[in-house]
Amino acid sequence: MANYWRKWFVGGPTRRWLSLIFLIATFLLYIQYPNWISQLMMKTRWSTAESIDVNPAVTEKPVLNTTKPFSPVLKTTKPFSAAVYKRQLKFSLASESGRQYSVGDTLRIEISAKDSQNNIVTNIGDFFRASILTRHKKRRRKKEGAVGIITDHQNGTYTATFRLLWEGEVTIKIQLVHPRQAIDVIERNIRKYPIDLVMFRKRYEVGKNTFIDTKCNVDPVIFKNTSAVCNYSDPHAGAWWYCEKAANISCNTPGYLSTDSRYKNLKGGKLFRRGNNAMKKSISGSPSKLYVRKGQDPLANRRRCVRGLSTPQISGFYLKGVWNSLVCKNRHFSSQACWQQCLKGKTLHFMGDSTIRQWWEHLVRILEMEETHIPGAIHKTGPLLARDPVNNITLNYRSHGPPRRCPFTRTFLLRYVANTIDEIEGGPNDVVGITMWAHFTSYPVEVYRKRMEAVRAAIERLLHRSPETLVVIKSANTRTDNELKSGDWLAHKLDLIMREMFRGMNVVLVDVWEMTNAQNWHKDNIHPAPDIIVQELEFLCSFICPL
């Protein structure tokens with residue numbers, strides 16, 4: 001070794017540099033060789049497990065499809081790219097091509113992502129929306145539409161199932177709302193900020209133009225360095241609510257509640273860089289259109305609209321912009337007189353968030369009712385009251401209690417829904433409509449579950465003392481917002497809990513999630529367009545005055 005180094009020093013500069021380069025290259029090759037071997041092995045490993053989070057319960061073997069050539073599922077360790085994955089996603093007919101379809105048939109569409117080698121890219125748990133629609137050349141003409149049911153096969157492939165419900169050309173629309181990786185980001189933010197993703201404050205007016213603000217939320221643990229806390233919880237209503245105690249002010253002192261305008265700076269990474277929606281993009285496929293021939297009448301032999309009917313997965317469809325229910329024979333009103341005749345002598349109690357306040361607003365407009373102003377109330381949170389003395393129609397609206405994202409509202413005007421239900425005597429002329437979801441998306445689901453369990457118990461008490469009272473549950477609807485704290489995925493999770501909560505009860509479900517998903521002539525909106533609200537109200541009235 002000593003002779004080697006002696007020759008290296010006396011061998012001249014060129015020889016010394018060549019030897020140095022050789023030694024460095026040898027060392028780098030030695031360091032990189034194990035990683036290169038690992039990557040080579042991963043490229044040839046086939047599995048049905050997830051691409052990022054491996055599911056040990058899934059057997060690592062190819063999934064055979066007897067109707068198509070075998071296409072192995074690729075397990076990859078490459079960093080996830082939403083743009084690349086969206087380009088890889090395609091849909092195709094699950095049945096034989098060239099088949100003739102008729103009204104009443106079932107259509108199944110396969111969805112999968114494949115790489116350049118035609119290997120299925122495994123991504124389990126993506127959130128899709130599927131619909132069929134008819135496009136018209138006249139843009140103002142309202143269109144046909146219905147939803148499809150998505151099935152995740154837990155191996156990187158999905159199926160969208162549709163019922164063909166009208167004659168003519170039908171376009172297939174498959175939308176990737178969130179890849180699984182985006183859902184992971186959303187849920188990670190909820191876990192990181194389970195209580196304070198959205199904050200609230202209570203304001204006391206202590207003098208002219210002088211206010212004291214304190215923080216409020218569902219758990220006092222977030223009030224750091226605070227010695228005293230006001231407890232406004234109500235276990236009977238399934239509600240927990242706390243505010244910091246202001247110095248020298250009693251907890252019983254009335255004040256105002258509002259949303260704190262300062263939100264958490266949520267981190268969504270590259271997935272949520274643009275518009276915080278990751279991604280709500282339509283994917284391509286073939287055939288994108290098909291022709292449906294005349295067939296069975298899907299509206300034949302429908303039942304009368306009565307309480308307690310189960311809601312099928314596909315509960316209706318739009319035809320010329322009009323909702324046709326597959327649950328029961330729903331009504332359509334051609335004049336104000338028809339609405340008045342249906343609601344004559346009725347008292348309607350709407351309670352919840354602003355999406356059911358829209359019901360109150362539109363009925364007031366349709367019936368040209370006179371609003372009674374309640375002292376201290378503001379329109380956004382109510383309470384709201386309107387009467388038609390000629391037809392003896394009364395409309396009430398109350399906002400649900402906190403958490404409620406709102407401008408400054410007097411605290412004594414915000415009531416928990418379970419307590420409001422307990423104050424209703426009920427009877428054959430009373431209609432109780434409830435929705436709660438939009439203000440609970442930023443919390444762990446248990447916060448919502450506890451509140452809805454109390455609402456369910458209150459409804460059971462109401463139906464026990466007055467079985468003839470009509471109770472209506474309005475579902476969540478699709479929306480556009482910051483998906484990290486209040487988007488479709490979070491709303492959908494709560495909606496599933498609500499449906500399970502009221503399954504089997506003698507109530508009515510107005511499936512607004514489907515009604516807003518099936519329409520295709522308006523953009524997603526937390527507050528659906530007026531013509532959609534009218535469809536919701538017509539379905540509601542189909543149970544108040546059934547055909």
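Observations
- As a summary of the residue check, Asp126 satisfies the conditions (1) free of Cβ contacts under 8 Å to residues at least 60 places away in the same chain; (2) exposed (fewer than 14 other Cβ atoms within 10 Å of the Cβ) except for the one numbered (2).
- Per-region count, the stretch 165-200, residues surrounded by 20 or more Cβ atoms within 10 Å (Cβ to Cβ) and small (Gly, Ala, Ser): 1
- Residue that is surrounded by the most Cβ atoms within 10 Å (Cβ to Cβ), among those in the stretch 291-317 that are under 29 Å from the mean Cα position of the chain (by Cα) and not in a loop (DSSP other than H, G, I, E, B): Phe317
- Members of the stretch 254-266 that are touching a residue at least 60 places away in the same chain (Cβ under 8 Å) and part of a loop (DSSP other than H, G, I, E, B): Pro254, Gly255, Asp260, Arg262, Tyr263, Lys264, Leu266
- Filtered residues of the stretch 473-515 (kept if open to solvent by less than 10 Å² (accessible area, probe 1.4 Å), more than 22 Å from Thr420 (Cα to Cα) and of a type in the set (S, T, N, Q)): Asn477, Thr478, Ser486
- Condition check for Asn419 on (1) under 17 Å from Pro402 (Cβ atoms); (2) open to solvent by less than 10 Å² (accessible area, probe 1.4 Å); (3) of a type outside the set (Ser, Thr, Tyr): one failure, at (2).
- Within the stretch 222-277, tally of residues that are among the hydrophobic types (A, V, I, L, M, F, W, C), modelled with pLDDT of 80 or more and open to solvent by less than 30 Å² (accessible area, probe 1.4 Å): 9
- Unmet requirement for Thr347, which otherwise passes all of (1) of a type in the set (Ser, Thr, Tyr); (2) open to solvent by 10 Å² or more (accessible area, probe 1.4 Å); (3) out of contact with any Ser or Thr (no Cβ under 6 Å at 6 or more places or on another chain): (3)
- Candidates Trp521, Trp513, filtered to the one that is among the aromatic types (Phe, Trp, Tyr) and in contact with a Lys or Arg (Cβ under 6 Å, 6 or more places away or on another chain): Trp521
- Search result, residues across the stretch 516-539 that are among the polar types (S, T, N, Q) and open to solvent by 30 Å² or more (accessible area, probe 1.4 Å): Asn520, Asn525
- Pairs, first within 24 Å of Glu368 (Cα to Cα) and assigned to a loop (DSSP other than H, G, I, E, B) in the stretch 318-340, second modelled with pLDDT under 95 and aliphatic (A, V, I, L, M), C-beta under 9 Å, six or more apart: Asn330/Leu547; Arg331/Leu547
- When residues of the stretch 432-450 are limited to those that are of a type outside the set (A, V, I, L, M, F, W, C) and in a helix (DSSP H, G or I), the one least open to solvent (accessible area, probe 1.4 Å): Tyr448
- Taking the stretch 457-547 as the region of interest, the helices (runs of 4 or more DSSP H) fully inside it that hold 1 or more residues being at pLDDT below 95 are 483-486, 488-501.
- Among the residues of the stretch 156-164, not a single one is among the charged types (D, E, K, R), open to solvent by less than 30 Å² (accessible area, probe 1.4 Å) and in a strand (DSSP E or B).
- Residue count for the stretch 195-253, restricted to those that are outside any strand (DSSP E or B), among the polar types (S, T, N, Q) and under 35 Å from the mean Cα position of the chain (by Cα): 1
- Filter result for Lys224 (farther than 28 Å from Val455 by Cα and among the charged types (D, E, K, R)): yes
- Inter-residue pairs, beta-carbon under 8 Å, first on the phi > 0 side of the Ramachandran plot and in the stretch 520-547, second at pLDDT 95 or above and charged (D, E, K, R), 6+ apart: none
- Checked across the stretch 455-472, the condition of being under 29 Å from Val198 (Cβ atoms) and open to solvent by 40 Å² or more (accessible area, probe 1.4 Å) holds for at least one residue.
- Only one of Ile150, Ile111 that is open to solvent by 30 Å² or more (accessible area, probe 1.4 Å) and at pLDDT 95 or above: Ile150
The values are calculated or read from the model by the stated rules, or taken from the named source; none is laboratory data. Note that the coordinates shown come from a computational prediction; the quantities given were computed from them, not determined experimentally. Cβ: placed from backbone, ideal geometry, glycine included. Neighbour counts: every protein chain shown. SASA here: full protein model, heavy atoms, side chains in, ligands and nucleic acids out. Shrake-Rupley method; radii C 1.70, N 1.55, O 1.52, S 1.80 Å.
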